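Here's the structure we're looking at; comments come further down.
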Amino acid sequence: MKRKRLGNLFLGIASIFLITGCGILEKNMTGNMDGQIEEEISEQDGLEGPVSLTLWGAEEDGQLLARMVEDFKKEYAGQAELDITVEYVGESQCKDKLLEDIEGGADVFTFADDQLRVLVAAGALAEVEDAEGIRERNIEGASEAASVNGKLYAWPMTADNGYFLYYNKAYFSEEDVKSLDAILQRAQEAGKLVTMEWTSGWYLYSFFGCTDMELGMNEDGVSNYCNWNAVDTAIKGTDVAQAMLDISSSPAFWNTPDGEFVKGVENGSVIAGVSGVWNANAVEAAWGNNYGAVRLPTYTCAGKQVQMASFAGYKMLGVNAYSENREWAGRLAEWITNESNQTLRFVERGQGPSNVKAADSPEVADSPAIQAILMQSEFASLQYIGGNYWEPVQIFGQTMADGNPQGENLQELLDTMVEGITLSYHS
C-alpha cells in the first residue's frame, strides 16, 4: 500500500509539470494559488481533505479514548487528515443529549443498550454495514443488544453489566457451586452466610427467567407483559414462590444489598453472594487466592433443578445517521471496539469485552469475574422492561425474603405483583 501511494504521488507531481509547466510552482511561490496545488496533490495521492469527527464518551474513559483516537489517526495518517474531538457525554446521558439535536450531535457516541430502540425510532443511528462480520466477532448477546428487527445499529463494546456468583474456595468445591442447595448447606455447616438482594427486581428476575413464564415490554415502549402468576405452565408461579420461601428459610441465606455483601465478605461472615464485576477488587482483596467466581447456580423448583437467570447489560458505539463523514465515523467506531482496544479497555478500566477473541485473551482469562459474567451470558436476557416493573417486584421479593410472615396466599401475592407490573399508564 505504501508503494502504491508513493507511486501515485510521483505520477501526480509529474502530471502537474507536464500539464502546466513551471507556472503553477511560480504562482505558488507568490501565494496566488496557495492550497490549490495541495488539493491537487492530495487528490492524486489519495489523501482526503480534513475529516472532522466528534466522539462522545464517558469522562472516566477520557484518557483511554484519547489514546485510541491518537492510534486511529496514526493508522490512517496516509489516507486522511483526521481532526477528531472527544467530548464527555456519559453512556447514560447519551440518548437525551443526542435527541436534543440529532443533526448537531456527535458523529460517534457510546451508549447503553437500553437506549438503542429509542435512538433507532428517532432515526439517529446509521445501520452498521459489516453487520455479519461484527456479529461473528462478538458474543451473541452483545450483537442481539445492538440489533432491532434483525438489523445491527451499533458496534458492541462491553459485556460486563450483569451478575453472577462470588464464592470463597476455602468452603466450596467446584461441584458445590453448581447448586444453590449445596451452597446453602455448606454455608450453614460453616456458620456462614450466602447473600442475594431480593428487594431488587434486577436480581429477582433470576428465579423466573429460565422458566417458561415470560416478562417483557409491549410495543408501546412503556407498558409490560408478564405471566409470572401463571397456573398452566410447566413451572407455575406458585412453584417459584414456594422455592423462594424454601431458600429464605435457610439460616445461611441473607437478603441484603451490595454494600452489605462487601462488608460481610470483608469481615468473614459472608462466603458466597450474587453480585457483579464492580465488587471484584474488594472480594479479591478479602479472599486472596480463595477468590472464586462462576455463573449462577441452579435452584430446586417443583422437584427440578432450574438454572438461575440474569439481566444483562451492554455498552456500544453508534454512528450518527446525519454525520457528514459517516464512512470515517464507522471506521472510528469499529476501531474503538476492535479486539485490541477491547483488551486494552479491560486492562485500563476493568471493563469486560464483548469481542470473542478479546474475551479469550490472557489478560481477560485471568479475571474470574469477567469469565463468570461470560459464562452467565448464556442464561442472561436484555433488560427491556417498563418502569412499572420495579416496585411490585420489590414488594413481592421482600415478602418472600421475610418468609411470608402473614401467611398470605401465594397465588394472590403473585396476582398482585403481576397486576402492578402490567399496569398500563393509560388505564
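The values are calculated or read from the model by the stated rules, or taken from the named source; none is laboratory data. Small disclaimer: the values here were computed from a predicted structure and weren't measured. For neighbour counting, all protein chains shown are included, and Cβ atoms are generated from backbone atoms with ideal geometry for every residue, glycine included. The accessibility values were calculated without ligands, DNA or RNA, using every heavy atom of the protein model including side chains. Shrake-Rupley method; radii C 1.70, N 1.55, O 1.52, S 1.80 Å.
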Apply 1/(1 + (r/R0)^6) to the Cβ-Cβ distance of Glu103 and Arg349, taking R0 = 45 Å, and write down the FRET efficiency to the nearest 0.05. 0.90
Extending each Cα 7 Å along its Cβ direction at Glu214 and Glu127, get the distance between those two points in nm, one decimal. 2.6 nm
Note the listed values (1) 98, 55, 31; (2) 61, 56, 42; (3) 90, 62, 37, then indicate which one is Cα extents along the principal axes in Å calculated from this particular structure. (1)
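Which FRET efficiency value, to the nearest 0.05, is calculated for Lys73 and Val148 with the Förster distance at 22 angstrom and r the Cβ-Cβ distance?
Details: r = 32 Å, r/R0 = 1.44.
The formula returns an efficiency of 0.10 here.
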Nothing charged except the Cβ atoms of Lys and Arg (+1) and of Asp and Glu (-1): what's the magnitude of the dipole of the range 250-378 about its Cα centre? Round to the nearest 20 debye. 280 debye
Net length gained if the chain between Glu327 and Ala170 were fully extended (0.36 nm per residue, minus Cα distance): 51.2 nm
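Within the P(r) computed for the range 136-283, what percentage of the Cα pairs occupies the region above 19 Å? Kindly include the intermediate steps, with their values, before the conclusion.
Numbers: 6900 of 10878 pairs.
Roughly 63 percent, once rounded to a whole number.
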Apply the Karplus parameterisation 6.51 cos²θ - 1.76 cosθ + 1.60, with θ equal to phi minus 60°, to every residue of the range 98-105 and state each ³J(HN,Hα) to the nearest whole Hz, in sequence, with x for glycine and proline. 5, 5, 5, 6, 4, 5, x, x
Heavy-atom accessible area of Arg186, protein chains in place, probe 1.4 angstrom, given in Å² to nearest 10, is 80 Å²
Could you pull the accessible area for Glu144 with a 1.4 Å probe, rounded to 10 Å²? 110 Å²
The range 175-331, relative contact order [Cα under 8 Å, separation at least 6], %: 31 percent
How much length is gained on full extension from Asp246 to Asp360, taking 0.36 nm per residue of separation minus their Cα-Cα distance? 37.2 nm
When ligands, DNA and RNA are left out and all protein chains stay put, how many square angstrom of accessible area per residue does the chain have with a 1.4 Å probe? 48 Å²
With a 1.4 Å probe and every protein chain kept in, tell me what percent of the accessible surface of the chain is carbon plus sulfur. 46 percent
Using only protein heavy atoms and a 1.4 Å probe, report how much of Ser179 is accessible, in Å² to the nearest 10. 30 Å²
How long is the gain from Ile395 to Met375 if the chain were fully straight, where each residue apart is worth 0.36 nm and the alpha carbon distance is subtracted? 4.2 nm
How large is the Kirkwood hydrodynamic radius of the range 295-427, counting all unique pairs of alpha carbons, in Å? 18.9 Å
